[in-house]
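S.K.: I'd like to ask you about the structure that follows.
The values are calculated or read from the model by the stated rules, or taken from the named source; none is laboratory data. Just so you know, these numbers come straight off a predicted model, no measurement behind them. Cβ: placed from backbone, ideal geometry, glycine included. Neighbour counts: every protein chain shown. For the accessible areas, the whole protein counts, side chains as well, though only heavy atoms, and no ligand, DNA or RNA atoms are used. Shrake-Rupley method; radii C 1.70, N 1.55, O 1.52, S 1.80 Å.
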Amino acid sequence: MNLYGKQRGVAVLTAMLVVAIGTIIAVNLLWQGTLDLRRTESALAADQGLMFMQGAEAWAADILRQDMVDSPASDNLGEQWATQLPPLPVDGGTIIGKLEDLQGRFNLNNLVKPDGTENPLARQQFERLLTLLQIDPGLAGAVVDWLDADNDLRFPNGGEDVTYAGADPPYRAADTMITSASELMAVNGFKRETYSALAPYVTALPIGTKLNVNTASPLVLASLSEDIDISTAEGLVQQRNDGAFVDIDKTFEGLVDPKVLKQIDGVSQHFLLTATVTLGTNQLTMRSVLQRDASGVTRALFRSLGVE
Ligand SMILES: [Ca+2]
Ligand SMILES: [Ca+2]
């Protein structure tokens with residue numbers, strides 16, 4: 001996209017955000033009129049912040065729906081949804097919204113199959129990812145234990161109920177799919193630094209999602225095979241050239257296992273919306289995991305709200 005095209009893209013996105021927020025605020029103001037007016041200023045700001053965030057979600061849904069119309073066969077970093085917007089001034093502050101493709105990351109829930117047993121192919125990929133990040137690949141065993149349905153402790157690096165019974169307070173392994181990658185912090189052997197290093201490359205999506213190689217980072221591409229080192233992966237990203245691979249099968253068939261080839265793709269159904277609203281001295285950050293279906297309709301699978 002040329003500079004003019006980029007600027008026009010940002011202008012269109014900004015206009016969409018303004019409309020989306022305007023609609024939400026109009027609806028909420030009616031509702032708010034019936035509320036007790038004696039609230040504190042910060043509670044008001046928090047309410048206002050939440051409205052902006054609902055607006056940001058509506059905005060993201062619009063963009064993702066339009067993308068499905070414009071380019072259903074590919075999702076890549078040259079598309080409009082991936083455009084970084086400048087902070088937008090709103091009444092009393094600013095809002096900034098950003099969309100990322102979560103299928104460019106390793107899906108932790110893929111470490112188990114739908115029947116609750118280990119998926120060895122995914123485990124190998126996860127071990128390579130840990131190694132690339134200079135984290136002990138043995139930790140993969142504890143993550144599989146956390147997710148798998150059984151309570152049988154893996155050796156030497158596992159983690160089941162018996163492992164966590166001695167914690168203060170004691171807790172149990174999830175033994176099922178997780179809704180947030182931050183659960184890793186509860187897994188045996190994980191420290192906050194381990195999680196922080198891994199966080200940009202992992203996600204927690206429904207089991208069975210494919211990796212979108214059009215948006216995956218060099219590190220995640222390198223985790224697909226022993227035959228892809230980091231410089232090969234960087235070369236692949238250059239080949240992508242801010243767009244999509246011309247032919248994913250041809251590009252990857254000599255590099256990855258045929259079974260892995262079936263697990264990669266050039267499109268996405270799951271995106272992360274991060275919206276940060278600053279109102280006076282209050283700042284709120286909302287993250288929504290958005291799932292887009294085949295008709296382009298988006299719904300939120302998971303939301304988190306916090307200060308940042
Ligand atoms: Ca697309
Ligand atoms: Ca388990």
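S.K.: Using a 1.4 Å probe on the protein heavy atoms, what percent of the accessible area of the range 169-249 belongs to carbon and sulfur?
M.R.: Of all accessible area on the range 169-249, carbon and sulfur atoms account for 49 percent.
S.K.: Ordering T276, T131 from largest to smallest accessible area (1.4 angstrom probe), what's the sequence?
M.R.: Final ranking, largest accessible area leading: T131, T276.
S.K.: For the range 72-224, take the convex hull of the Cα atoms, compute a quarter of its surface area, and give me that in nm², please.
M.R.: Projected over every direction and averaged, the Cα hull of the range 72-224 covers 11.8 nm².
S.K.: Next question, about the same structure. What are the ³J(HN,Hα) values, in whole Hz, obtained from phi via the Karplus relation 6.51 cos²θ - 1.76 cosθ + 1.60 with θ = phi - 60°, for each residue of the range 232-248 in sequence order, with x given for Gly and Pro?
M.R.: 4, 5, 5, x, 5, 5, 5, 4, 5, 6, 6, x, 10, 5, 5, 9, 5
S.K.: Same structure, new question: If you take the Cα atoms of the range 149-237, find Rg, then find the Kirkwood Rh from the mean of 1/r over all pairs, what is Rg/Rh?
M.R.: 1.05
S.K.: Moving to a separate point now. Under a plain spin-label model, where a point goes 7 Å from the Cα along Cα-to-Cβ, how far apart in nm are Q134 and A165?
M.R.: In this crude label model, Q134 to A165 measures out at 3.8 nm.
S.K.: Under a 1.4 angstrom probe, counting protein chains only, how are R65, R172, R240, R287 ranked by accessible area, largest first?
M.R.: From most exposed to least exposed: R172, R65, R287, R240.
S.K.: Considering the alpha-carbon set of the range 72-148 alone, what are its Rg and its Dmax in angstrom?
M.R.: That works out to 18.3, 52 Å for Rg and Dmax.
S.K.: Please give the per residue accessible area of the range 131-253, computed with a probe of 1.4 Å over protein heavy atoms only, in Å².
M.R.: Ligands and nucleic acids excluded, the result is 50 Å² per residue.
S.K.: In addition: Got a sec? What order do E127, E57, E253 fall in by accessible area at 1.4 Å, biggest, i.e. largest, first?
M.R.: Greatest to least solvent exposure: E253, E127, E57.
S.K.: Right, here's the next one. Ignoring any ligand, DNA or RNA, what whole percent of the accessible area of the range 66-110 comes from carbon and sulfur when the probe is 1.4 angstrom?
M.R.: About 56 percent, which is the carbon plus sulfur part of the accessible surface.
S.K.: Now for a different question. Can you compute 3J(HN,Hα) from phi for each residue in the range 124-131, using the Karplus curve 6.51 cos²θ - 1.76 cosθ + 1.60 with θ = phi - 60°, rounded to whole Hz and x for Gly and Pro?
M.R.: Coupling constants for the range 124-131: 4, 5, 5, 5, 5, 4, 4, 4 Hz.
S.K.: Please give the solvent-accessible surface of K113 in Å², to the nearest 10, using a probe radius of 1.4 Å with every protein chain present.
M.R.: 80
S.K.: To continue, here is another question. Straight-line reach only, C-alpha to C-alpha below 25 angstrom: list the lysines that K250 could link to, leaving out same-chain residues fewer than 8 apart.
M.R.: K210, K259, K262
S.K.: For I230, what accessible surface area do you get with a 1.4 Å probe? Give it in Å², rounded to 10.
M.R.: Approximately 70 Å² of I230 is accessible to the 1.4 Å probe.
S.K.: Collect residues whose amide H, placed 1.01 Å from N in the peptide plane, falls under 5 Å from the amide H of V202; neighbours closer than 5 in sequence don't count.
M.R.: Answer set, sorted by chain and number: F106.
S.K.: Which whole-Hz ³J(HN,Hα) couplings does the range 170-185 yield from phi under the Karplus relation 6.51 cos²θ - 1.76 cosθ + 1.60, θ = phi - 60°, glycine and proline marked x?
M.R.: x, 9, 10, 5, 5, 6, 7, 5, 9, 9, 8, 4, 5, 4, 3, 5
S.K.: Follow-up. Compute the Rg to Rh ratio over the range 265-308 from the alpha carbon atoms, using the Kirkwood formula for Rh, and round to two decimal places.
M.R.: 1.13
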